[in-house]
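Everything below concerns the one structure shown next.
The values are calculated or read from the model by the stated rules, or taken from the named source; none is laboratory data. Everything quoted here is computed from the prediction, not taken from an experiment. Cβ: placed from backbone, ideal geometry, glycine included. Neighbour counts: every protein chain shown.
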Amino acid sequence: MILLLSAVALTGCDTVRAGTRCKAGAAPGRDATHVLFCQGGKWKRVMTIGQAADFILGTIPGAVTPVNATATVKAGDQLSLAVAFTVTSRTGKPLPKAKVTLNAPSTGAGLVPSAELSGVTGDDGRVWFPKAVINNALGSFTLTAKVDGSDVAGTVAVTVVAGEPAAITIVSGQGQTATVGTALGAPMSARVTDARGNPVSGKSVGVYYSGGLQSGNPPKAVLTTDANGVVVTTLPVSAPTTPGSFPVYFEVERTSYFATFNHTVVVGAPSSITPEGPSPLTAVHDQAFADPLTVLVKDVYGNPVPGATASFTVVPAGGATAVLSASTAVTGADGRASVTATAGSTVGTYQVSVAAGSANSSVSMQNT
């Protein structure tokens, strides 16, 4: 009947009179107030011209209106209920059973190509697209919903943002070496991304060291990811006062995701020299000392300094002296350096001065 009514065109059909004879299959006619159909061989009034116009116009799409003019969705998510449209007829009433198809840009942020980009309006004229999927690109785009077979369409401004954090990876600052008690020489930076590799901005990242993540200590600093998902240390990160490995952890707060920066801390320069063994060291004149001249070299934090060159110099007194096996010795892993000595022929007490870097000391010697 809709097709027949459409054919009437209201102003172009033949004028007929109700009750008069007609041939079967005749096109609809009209009189001054009604649309007439040929039924049982006679013209019969079916509806008023106004009713016919409303009926026809009520089946023609008039507008597609978004429920919300804007929408924010996460990359890779389904549209779900984030986007919906209402289709109304030319008369402004909800239009049910209208097929609507989505269109989005083919590059950049948009939709994953799919057969699920169409939907059919319900009795309220509303349509959702729960199986349409946003692609992985971030940005903004215009989503168009168009009624099939017409030029009637509506749009929504869609902003695609990253999903929840799924990883944190090191960008720079890995593997530094610092002297005990000094700051690392370069900033550390890391990037937070979602499950699809998109940078996640505005997330808090805690910086932990001196006890690590499991210590229960609060973070030394809390950083916030920028638009590229990156955090960078801005304050100096001081190395501990003992040498060894120095891990620094960046943890995305309220998640289990963290990155570990593995640094190395080395001892400082010689700051003190401590003689070891008897004092004074005693030997019979012209004989070798039973104990070596041994010193312990430490840095300012009391750490033994390996690989330091210690210089030994005899300071004679009243003719008493000794002959050393070497004028220098290199400290071992324990920070100790040693030389041996042979007493001179003159009896008496004297010193052997020891220097390493800016540190110095002396060992008391006695020839008997």
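Among residues of the stretch 76-108 being closer than 26 Å to P165 by Cβ and crowded, with 20+ Cβ neighbours inside 10 Å, the one that is modelled with the lowest pLDDT is A82. Of all residues in the stretch 109-119, those that are buried (at least 16 other Cβ atoms within 10 Å of the Cβ), part of a loop (DSSP other than H, G, I, E, B) and among the aliphatic types (A, V, I, L, M) total 2.
Only one of the listed residues (G175, G122) is modelled with pLDDT of 95 or more, over 15 Å from the mean Cα position of the chain (by Cα), closer than 30 Å to P243 by Cβ and of a type outside the set (A, V, I, L, M, F, W, C). That residue is G175. Considering the stretch 241-259 alone, what residues qualify as being surrounded by 15 or more Cβ atoms within 10 Å (Cβ to Cβ) and either out of contact with any Phe, Trp or Tyr (no Cβ under 8 Å at 6 or more places or on another chain) or outside any strand (DSSP E or B) (or both)? Correct list: T241, P243, T255, Y257. Restricting K44, K97 to those that are farther than 30 Å from S201 by Cα, in a strand (DSSP E or B) and either touching a residue at least 40 places away in the same chain (Cβ under 8 Å) or not hydroxyl-bearing (S, T, Y) (or both) reduces the list to K44.
Please determine, by comparing only the residues of the stretch 131-152 that are polar (S, T, N, Q) and not in a loop (DSSP other than H, G, I, E, B), which one is nearest to R90 (Cα to Cα).
At the first step, the residues of the stretch 131-152 found to be polar (S, T, N, Q) are 135-136, 140, 142, 144, 150.
With the extra rule that they be not in a loop (DSSP other than H, G, I, E, B), the set shrinks to 140, 142, 144.
Working: S140: 31, T142: 25, T144: 20 Å.
Going through the qualifying residues, I end up with T144.
Sort out which residues of the stretch 130-147 are farther than 14 Å from K74 by Cα and modelled with pLDDT of 95 or more, and write them in order of number. Selection gives T142, L143, T144, A145, K146, V147.
Suppose the filter is touching a Gly at 6+ places or on another chain (Cβ under 9 Å) and in the same structural domain as S353 (by TED's automatic domain parsing); does L296 pass it? Yes, satisfied. If the condition is being closer than 15 Å to V339 by Cα and either in a strand (DSSP E or B) or among the basic types (K, R) (or both), then the stretch 284-311 contributes A288, L293, T294, V295, L296, V297, T309, A310, S311.
Filtered by the rule that a residue be in a strand (DSSP E or B) and charged (D, E, K, R), the stretch 324-355 gives a lone residue, R336. Checking the structure you have, find out if any residue of the stretch 264-277 is surrounded by fewer than 21 Cβ atoms within 10 Å (Cβ to Cβ), without any contact (Cβ under 8 Å) to a residue 40 or more places away in the chain and either in the same structural domain as P187 (by TED's automatic domain parsing) or over 26 Å from G357 (Cβ atoms) (or both). The answer is no; no qualifying residue exists. Could you say whether any residue in the stretch 161-181 is outside any loop (DSSP other than H, G, I, E, B), in contact with a Leu (Cβ under 9 Å, 6 or more places away or on another chain) and over 30 Å from H263 (Cβ atoms)? Yes: the stretch 161-181 contains one or more residues that are outside any loop (DSSP other than H, G, I, E, B), in contact with a Leu (Cβ under 9 Å, 6 or more places away or on another chain) and over 30 Å from H263 (Cβ atoms).
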